[in-house]
Amino acid sequence: MVRGAFGRATPWLLLALPLLVMFLFLFLPYLLTFFYSTTGATIGRLFNVPQVGLKNFQTVLSEDAPSFISVIAITAIFTMGTLLGSLALGTGLALALHTVSAGVRSALLAVYLIPWVISAVIIGYTWRLIYDPAIGLANSVLGMVGIGPVDWLTEQGIALSALVVANVWAGYGIVLLVVSGALANVPPNIILAGQVDGASYARIVRRVILPAIRPTFLLAALVALVSGLNTFDLIYAMTRGGPLYHTETMALEMYRLTATKGNIGQGAAVTVILFTISLALAVGYVLIWRRENRKWT
Amino acid sequence: MNKRLLALLSVMVIVGGACSPAATQAPAATGGAASQPAATTAQESATITVWARNYTVEEGRIQPWAPDPKSAFEAAHPGVTVNLAEGVGSTDQFNRIELSRAGAVEDKPDIFQLDNIWLGQFVDEGITANLDSYYANWADKSDIVPAYANSTIVKGSQNAVWFYSDIRLMVWNKDVFKAAGLDPEKGPATWDELFADAAAIKAKVPGVSPVEFPASSEESTVDRFYSYLYMTGSNILNADNTKAAFNDAGGQKALQLYVDLVKQGYTPKAVLGETADDNIAHVFSGKAGIMLATVGDGLGSLPDGFDVTKFQSTIGAALPPLCTGCQPASTAGGWMLAINADSPNKDLAWDYITRVTDGKNMVPFEVDRTRIPVRTSGLAEADAFKADPYFAQEAEAAKVAHFPPFIAKYTDMIEILWTGMQKAINGDLSTKDALDEAATKVDTLLAP
Amino acid sequence: MDLVRLSGLQRLVRAAAVGLALAFAVLPLLWVVSIAIRPGTTAVYPISILPTSLTLDNITGVLFGSNGIGLVPYRNAAFYGLSSAVITAVASTLGGYALARYNMRSGEALLIVILALSFLPSASRIVPLFILTSAAGMYGTAQAVILAYAAGSIPLGIWLMAGTFRQIPIRLEQAARIDGAGTALTMRRVVLPLAIPGILVVATLAFIDGWNSFSLPLILIPKAAAQPYTVALQRYIQEIGYGINWPLLSAGSLVALVPVLSVFAVLQRRLVRVGGLGGAIRG
């Protein structure tokens, strides 16, 4: 190891800048959210706020338009839909690309990754255009085969599924990226060995490749899960939580209570609940990571 | 060691942050006191900051603030300038006023424009200055239209000055009517005619929504509904604003109109996600036939490419259609001006307000934006208003206009009401149950 | 790699999958382009799949027209993104080096905690950030927004730089020291040049995140003149008389895509390689 100019303290001095920035603009805000969730803060009353204990949580949980159950259900459906879609598409593509030549793979990868670098809100506008009842691509294509126009984003039963498709489009790239990277690190020998034994590609994938990339796969799954949970910009740009709250996930409800309704205390309460779920997932990742790591050392 | 330090620092910051009202608000008070003019002298120098609604300060359009009232005011008070700050939209206006009071933003207005429905809440929060002493000595007080004159009194004191008003009319797209074989100059006068016209549009003009009204989770939903509530003889709240009144027989009848329009396919369920702005855009572009109620006759929301002639040939306007045995009704809305309770320049602010709201000064702006004058002297200028093809209808509606209750919890109350309306329209509850549920919640909200 | 043999049927399936995925990835964007380059009057129902006439009016309209948002929002986004990229790069390099090279007792734990922090919902720190910046008198300032961006990008940046530094053999540094070089020289001549690819990736990712950010500037930047394009484009969603102004909104989105796609095209190889680094967590 390197001996620093300031002895034991050197690494901490180096870390001072990043830790300070993260503390003030990342850690502290989360802490403040916890504090505000137990107060009656509103947009007109930010300082000198009254303590209300758990009343905000009570109100949020007993709210009936939208009901908390429906918000949880919609968040779960949206997140799981996004997760499964991104994992399937990203992993499937990574496996398919793994079998083509490096040059072709590189070119294709570049195209597939384009949605990954686009702003979520621009993705929202893009897909809102696709789903537009009058000039959207979806209805135009349907029109070509004689099916009447569909109200993708205003029909209560369809809107959520339409959003999941858009979010999968936005998110499969990161899964593709991470899994491709992992595949590149799989030692070619074991694949060769499998081939020599006469196994088909499908079997090699199932028996050899997937187990080999398990830690990465779990990482990709966790990233996709957490990002689905936290999706805000895209839904805001497409439906704002409508029609009639049928696409209102927890992130949207948090925004609505805070910015539209002006009730910061209640918005913070929803944030705390969302935060707790995300934290549980992050801890879960750490535990899995350590378990997988121990296997390999 | 580090973790504990971090924890300690966080606690300090939080506690410090939550207990610093004095720290943020004191500078404003002391700074203000220093510049408070004892009397209007030639040597004083001050700025009157005005927070206005965006379209009242739009460049290239007629403004009530300037040039005349502004230059006259500045001439009368050398050294004092009027700062017409950036105008914003409705929600942003509400938010920035609240944020300013909370001390979160630096800018503080002397005068701010407020939607009449915010008056109760702002008075309750102490944002507005008490104007009793100014009103007492004000000659123009008698010029205010009687219906408006006392509506600025909240908790026994005057707190604002009416700026301009608007009422609600039903509008329709004449081209859609022609295509449906209906007389384009005649809108439905009764609910029965409304349904008949809607049926004709639905049958003969595919792809067009016959009737639209706002039903999304925001204020215009209840505002455009009120006229239909009032015409049945119902009301929003009871006489002393302590209990809900909208769930009586009249209220159910009014909401049933909405429910039936959706059930019979004359109004798409998509209106649950539409605001009044969306509706009127559809009427202008011919995607909708009739809008049940809009601000004025729609002339104030002209899209690009429309001039008054095209407007008159495309859009028709009339009072909201009547149910059998009902009385004509409309809803009055509009904007007021108030003085910031923290302003150090209240006298100057009042002077400017009186100049701006003068009847004759307001007329050009009101004509341009199809608003209703709140001054008798303004209403007397009937000729000027002829530029609005439907001014006669608006004047008629003004006579039967009702005001919403200016209570402190108005925004919370309307949220309960629109949620109930949505449940009925969406079919989740029967009309009676939806209104009863909402009424119970409103009663709890308003209980002392 | 070429060493996997696929049967004819498997090749067909692969081609179909790759092709469909390509269509899925590309068609939505092509549609936006097609709406942006056709005259606004033709963007009505029923719409033809291929445009019958082309025009640049929407693009010039959104940038220079009377109903446009102008160049300023794009300039703002670039400024915030670049500033955040610089701060993130510096902070991540320092932090990543510290975690990679020094045997810190809490090093591993710190790395995990930092990464876990980046998993938390970014939308939920917006309101507290608003309150904090108000209390500190920094509300609405560019500094506040830039630091907020950086704080969001630093966790991943440190993680990536730690990985990068771990891949640089320590013998090189030790060799330089044996030759008599001081710390500064070692850094400048030996370590940093090798770390540049990683730093470039971290900076690029931070820039992209800043350029794309929406919910943070939505709340933290009230003044219209300082808003980035993500917020400025919102006005086309609520235009009276149009409903949504798709021609201008599509043109505005198109303009926003150009810088980010160019950066991506140039650096895509490196980004992919670092993404591969993510696959080798054990490293």
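Which value at 222 nm does chain C reach when only helices count, each DSSP H run of 4 or more adding -39,500 (n - 2.57), with the total divided by all residues and rounded to the nearest 500 deg cm²/dmol?
Value at 222 nm, helices only, nearest 500: -22000 deg cm²/dmol.
Computed 3J(HN,Hα) for the stretch B:252-261, one whole-Hz value per residue from the Karplus formula 6.51 cos²θ - 1.76 cosθ + 1.60 where θ = phi - 60°, is 4, 4, 5, 5, 4, 4, 4, 4, 5, 4, glycine and proline marked x. Of all DSSP beta bridges confined to the protein assembly as shown, the antiparallel ones make up roughly 65%. Put simply, when B:79-90, A:191-202, A:19-30 are sorted by average Cβ atoms within 10 angstrom per residue, most first, you get A:19-30, B:79-90, A:191-202. For B:A46, the residues whose amide H sits under 5 Å from its own are B:V80, B:T81, ignoring neighbours fewer than 5 places away on the same chain, with H placed 1.01 Å from N. Compared with the dominant principal axis of the Cα atoms in chain B, helix B:410-426 is inclined by about 20°.
Per-residue 3J(HN,Hα) values for the stretch B:192-205, derived from phi via the Karplus relation 6.51 cos²θ - 1.76 cosθ + 1.60 with θ = phi - 60°, read 4, 5, 4, 5, 5, 4, 4, 4, 4, 4, 4, 6, 9, 10 Hz in sequence order (x marks Gly and Pro). Any chance you could give the angle, 0 to 90 degrees and rounded to 10, that helix C:107-117 forms with the longest Cα principal axis of chain C? Tilt relative to chain C: about 10 degrees. Largest first, the three principal axis extents of the alpha carbons in the stretch C:74-190 are 52, 32, 25 Å in whole numbers.
Taking Cα centre as origin and charging only the Cβ of basic (Lys, Arg, +1) and acidic (Asp, Glu, -1) residues, the dipole magnitude of the protein assembly as shown rounds to 5880 debye. Mean partner shielding of peptide B:422-432, defined as the number of other chain Cβ atoms within 10 Å of each residue Cβ, is 1. Using R0 = 41 Å, the C-beta based FRET efficiency linking C:A17 and C:L56 works out to 0.65. Per the Cα gyration tensor, the stretch A:109-223 maps to an equivalent ellipsoid with semi-axes of 39, 17, 12 Å, ordered largest to smallest. For the stretch A:214-297, the relative contact order works out to 26 percent when only alpha carbon pairs closer than 8 Å and six or more residues apart are counted. Look at the stretch B:86-98: the mean tally of other chain Cβ atoms within 10 Å of its residues' Cβ atoms is 2. With a Förster radius of 56 Å applied to the beta-carbon distance between A:N185 and C:A136, the computed FRET efficiency rounds to 0.80. Amide H to amide H, with H built 1.01 Å from N, B:I315 comes under 5 Å of B:K174, counting only residues 5 or more places away or on other chains. Peptide packing: for B:302-310, A:121-129, A:255-263, B:354-362, the average count of neighbouring Cβ atoms within 10 Å per residue gives the ranking A:121-129, A:255-263, B:354-362, B:302-310, highest mean first. Cross-link check: pairs B:K70/B:K386; B:K70/B:K186; B:K178/B:K253; B:K287/B:K360 evaluated at a Cα-Cα cut-off of 32 Å; pairs beyond the cut-off: B:K70/B:K186; B:K287/B:K360. Take the Cα radius of gyration of the stretch B:160-319 and divide it by 2.2 N^0.38 Å, with N its residue count; two decimals is plenty. The stretch B:160-319 yields a ratio of 1.05.
Under a GNM of chain B (C-alpha, springs under 10 Å), which listed residue has the highest mean-square fluctuation: B:P69, B:P146, B:P214? Looking only at B:P69, B:P146, B:P214, the biggest GNM fluctuation is shown by B:P146. Per residue, the convex hull spanned by the Cα atoms of the stretch B:255-373 measures out at 186 cubic angstrom.
Each Lys or Arg adds one and each Asp or Glu subtracts one; over the other residues with Cβ under 9 Å from the Cβ of B:I290, this totals -2. Ordered by the number of other Cβ atoms lying within 10 Å of each residue's own Cβ, fewest first, A:I118, C:I199, B:I167 fall into the sequence C:I199, A:I118, B:I167.
Rg over Rh for the protein assembly as shown works out to 1.00, both radii taken from alpha-carbon positions and Rh defined as the Kirkwood radius. Residues in the stretch C:66-108, backbone N under 11 Å from the label point at A:L20 (7 Å along the Cα-to-beta-carbon vector): list them, ranges by number please. The answer is none. Spin-label model, A:L287/A:K55: points 7 Å from Cα along the beta carbon direction are separated by 3.7 nm. Of B:S234, A:S86, C:S106, the sequence from fewest to most neighbouring Cβ atoms within 10 angstrom is C:S106, B:S234, A:S86.
The angle separating the long axis of helix B:2-18 from the principal Cα axis of greatest extent in chain B is about 80 degrees. Mean partner shielding of peptide C:34-47, defined as the number of other chain Cβ atoms within 10 Å of each residue Cβ, is 3.
Order the peptides C:84-90, A:133-139, C:24-30, C:42-48 from the highest to the lowest mean number of other Cβ atoms within 10 Å of their residues.
C:84-90, A:133-139, C:24-30, C:42-48
Taking the Cα centroid of the stretch C:153-189 and of the stretch B:236-296, what is the distance between the two, rounded to the nearest whole Å? After rounding, the separation between the Cα centres reads 68 Å. The string of couplings for the stretch A:126-143 from the Karplus curve (6.51, -1.76, 1.60, θ = phi - 60°) is 4, 6, 5, 5, 4, 8, 4, x, 8, 10, x, 5, 4, 5, 5, 5, 4, x Hz, one whole number per residue in order, with x for Gly and Pro.
For the pair B:N83 and C:A265, what calculated FRET efficiency results from E = 1/(1 + (r/R0)^6), where r is the Cβ-Cβ distance and R0 = 51 Å, to the nearest 0.05?
Working from the Cβ atoms, E equals 0.60.
For B:G296, the residues whose modelled amide H falls within less than 5 Å of its own, excluding neighbours fewer than 5 places apart on the same chain, are B:I167, B:R168, B:L169. Bridges between two residues of chain B, per DSSP, are antiparallel at a rate of about 60%.
All of the numbers you see were taken from the coordinates with simple rules; none came from a lab. What you see is a predicted model; the values in this text were computed from it and never measured. Note that each Cβ is placed from the backbone with ideal geometry, even for glycine, and that neighbours are counted across all protein chains shown.
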